[in-house]
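The values are calculated or read from the model by the stated rules, or taken from the named source; none is laboratory data. A quick note: this is a predicted structure, and the numbers were derived from the prediction, not measured. Positions of Cβ are generated from backbone atoms using ideal geometry, with glycine treated the same way; all protein chains shown enter the neighbour counts. For accessibility, only protein heavy atoms count, side chains too; no ligands or nucleic acids. Shrake-Rupley method; radii C 1.70, N 1.55, O 1.52, S 1.80 Å.
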Amino acid sequence: MKDVNWDDLKLFHIVASEGGLAGAASQTGISAPTIGRRMLFLERTMGRTLFIRSQQGYRLAPDGLTLFEHVQSMRRTASDISQWHGDAFALPIVSVAGNIWIMGFIADHADALRGKGDEFRLCCKLFGANDDLTYRRGMVAIFDKPPERGNFATLKSVTVSYHAYRAEALPETSDTPWISIGTEVAVSDAETWVFRNRESLIHTWTNAPELLPKLIASGAGRGVLPSFIGDGLTGVVRDGEAIGELSHPHWLAVNDDDRHSPEMRTLIDRLAALLKRNEALFEGRLENAVRSKSSVIAFPRS
């Protein structure tokens, strides 16, 4: 048996549903004689009698009833596939990614990146310093350092400062204990700074960086945070001057092939503008500090 043409099966379904050639011709715009010839060809191809023909029209033969059920099932499957495909490509997805601190800030200001009328969907992701952007399409990543290799476009953004912080009720003494990020997860210079410089005074540590602000606020000791996070914590104060060696700019990076698409261009421009508007916050100028919800909400680490 030759392969059956799907167009002929769809036409068969219409003839069976309409009960004859005239109704099928009205539905499809194909002439009744042509439809009749195609149904005869379909029967010969399949080696089965599909219709009982009479002056009253076309009635399905037993094999025709079986085929009709199969074609209905095929039509439902084709419809499901079309719906699945349509849903996937209804709107393009653009992503913004960065470490746990900057993504908390981004989450607080997501409305500045995507409005109700924008023709794209926004995805916010955690992205570590060692994660590879090479094969990530449609993503703007925020790094502490620009990528050293790969076909990326980069944009230098605001400078981030870091301070040590302690609970306001915790006395400021030389032997005040420190809180560290666990060495098994610490990657950035800021995450490893306490271990490298105050190891003997570490009394508490965590492998979940999102818990660090809570531990500091509870009085467990001193810890190092980006100033835009620490300055927004209730009941927490700076413990000394900014740690100059940790200060760094944020870098926006995107695959060079992606940056010219309208939705990516929009996201990059809005993200750069958002960070620029909050430059004083990132630089740690206290007179501009604003309490941020992201300072106290735990974000799971991936």
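Considering only beta bridges that DSSP places wholly inside the chain, some 60 percent are antiparallel. Protein heavy-atom accessible surface, 1.4 Å probe, per residue over the stretch 126-205: 57 Å². A dipole drawn for the chain from +1 and -1 charges on Cβ atoms has a positive end, and of ALA16, PRO249, PHE195 the residue lying farthest that way is ALA16. Given +1 at the Cβ of Lys and Arg, -1 at the Cβ of Asp and Glu and no other charges, the dipole of the chain around its Cα centre is 1280 debye to the nearest 20. Rounded to the nearest 10 degrees, the angle from helix 6-18 to the longest Cα principal axis of the chain is 60 degrees. Go through MET264, THR176, PRO209 and say which Cα lies farthest out towards the positive end of the charge dipole of the chain; charges sit on Cβ, +1 for Lys and Arg, -1 for Asp and Glu. The listed residue farthest towards the positive side: MET264. Among LYS276, LYS10, LYS116, LYS214, the order of accessible area from largest down is LYS116, LYS276, LYS214, LYS10, computed with a 1.4 Å probe on protein heavy atoms.
Accessible area of ARG37 (1.4 Å probe, protein heavy atoms only, ligands and nucleic acids ignored): about 150 Å². Computed over protein heavy atoms with a 1.4 angstrom probe, the accessible surface ordering of ARG166, ARG44, largest first, is ARG44, ARG166.
Placing +1 on each Lys and Arg Cβ and -1 on each Asp and Glu Cβ, with no other charges, gives the stretch 72-206 a dipole about its Cα centre of roughly 640 debye.
Phi angles across the stretch 214-219 convert, under the Karplus curve 6.51 cos²θ - 1.76 cosθ + 1.60 with θ = phi - 60°, into 3J(HN,Hα) values of 5, 5, 5, 5, 6, x Hz, Gly and Pro given as x.
Taking the inverse of the mean reciprocal distance over all distinct Cα pairs, the Kirkwood hydrodynamic radius of the stretch 194-281 comes to 16.0 Å. Annotation for LYS214 and SER82: the two label points, set 7 Å from Cα along the Cα-Cβ direction, are 5.0 nm apart.
A compact globular protein would have a Cα radius of gyration near 2.2 N^0.38 Å; the ratio found for the stretch 150-224 is 1.28. Solvent-accessible surface (1.4 Å probe) assigned to GLU199 amounts to roughly 110 Å². Take the Cα radius of gyration of the stretch 89-140 and divide it by 2.2 N^0.38 Å, N being the number of residues; the result is 1.19. Mean silhouette area of the chain, derived from the convex hull of its C-alpha atoms and averaged over all directions, reads 24.0 nm².
For the chain, the fraction of 1.4 Å probe accessible surface lying on carbon and sulfur atoms is 51 percent. Label zone (ARG285, point 7 Å along Cα-to-C-beta; backbone nitrogen cut-off 17 Å) within the stretch 228-244: 228-229, 231-232, 242. Computed over protein heavy atoms with a 1.4 angstrom probe, the accessible surface ordering of HIS260, HIS109, largest first, is HIS260, HIS109.
Remark on the stretch 109-241: Rg and Dmax equal 17.7, 55 Å (Cα only). Report summary: the helix-based calculation at 222 nm, which adds -39500 (n - 2.57) for every DSSP H run with n ≥ 4 and divides by the residues of the chain, gives -11500 deg cm²/dmol. Available extension along the chain between LYS276 and ARG59 is 70.8 nm, counting 0.36 nm per residue and deducting the alpha carbon span.
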